[in-house]
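The values are calculated or read from the model by the stated rules, or taken from the named source; none is laboratory data. If you're wondering where the values come from, they're calculated on a predicted model, not measured in any experiment. For neighbour counting, all protein chains shown are included, and Cβ atoms are generated from backbone atoms with ideal geometry for every residue, glycine included.
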Amino acid sequence: MIITINQPAYLPWLGYFDRIAKSDLHIILDHVQFEKNSVTNRNKIRTAAGWSWLSVPVLTKGRFGELSIDQIEIDHISKWAKKHFMTLQTSYSRSPYYRCYSDYFESFYHQEWRYLAPMLHESTRYLLEKLGVQTPQLRSSDLSPKAKKADLILELCVKAGATTYLSGPFGRDYLDENAFKKAGIELRYHDYVHPKYDQCFEGFEPYMSIVDLLFNQGEKSLEILTS
């Protein structure tokens, strides 16, 4: 069984979904500490000026470093949801497949999300469905792991019955390959080669959110991102 593990992310990039598509089971790492300036609560979209961040404001003042991802609350003072939907509309309304997905996003951004993790789970569920990726998922918080850092990844793999762990490329910097070998788990690394595709503005910007690919390529998206 090939297992992948990743922290939840807001409207993730293509490589995030390619790794899930290449696995038999994906574990959402939602019980670890929330990190500022990560893609857990922000990601990039294509604009006429190049690209721009979409960031979900969160409540961490006075508690940063104490909160796991599944405990993070969303800050609604800035009316971020309305701004995000309007930004998507402005940037992508002329893209070929925008209308295929716009009703969902309008409804998604009208919901009152208190916590970040359920919001990320729902949006990622929808995106996987539209891509046609059917890999089952588990939450790390439901597996009650005890270990930390690299040992945590190995513990989750053992608990989930992995025969192969497909790590992101940065796993080379901290994973103990001998420990995986002793546990009988093959360790592989996912070095994603980003494809090019037609975007709604001139030039090409890689590493955008998956919505950029969906709005521009529709049903061809999975074939493109896994090519």
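Results, tabulated for the structure shown:
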item	result
Condition met for PHE204 (under 21 Å from ASP24 (Cα atoms) and aromatic (Phe, Trp, Tyr))	no
The one condition in (1) of a type in the set (S, T, N, Q); (2) modelled with pLDDT of 95 or more; (3) surrounded by 13 or more Cβ atoms within 10 Å (Cβ to Cβ) that SER107 fails to fulfil	(3)
Region 61-88, residues that are within 21 Å of the chain's Cα centre (by Cα) and polar (S, T, N, Q)	SER68, GLN71, THR87
Long-range neighbours under 9 Å by Cβ, at least six apart or interchain, first residue free of Cβ contacts under 8 Å to residues at least 60 places away in the same chain and more than 28 Å from LEU213 (Cα to Cα) within region 122-148, second hydrophobic (A, V, I, L, M, F, W, C) and outside any helix (DSSP H, G or I)	LYS148/VAL32
Residue in region 7-25 that is hydrophobic (A, V, I, L, M, F, W, C), out of contact with any Gly (no Cβ under 9 Å at 6 or more places or on another chain) and on the phi > 0 side of the Ramachandran plot present	yes
Residue list for region 31-69, filter: of a type outside the set (S, T, N, Q), at pLDDT 95 or above and closer than 30 Å to ILE224 by Cα	VAL39, ARG42, LYS44, ILE45, ARG46, TRP51, TRP53, LEU54, VAL56
Complete set of residues in region 180-227 that are without any contact (Cβ under 8 Å) to a residue 24 or more places away in the chain and of a type in the set (Lys, Arg)	LYS181, LYS182, LYS196, LYS220
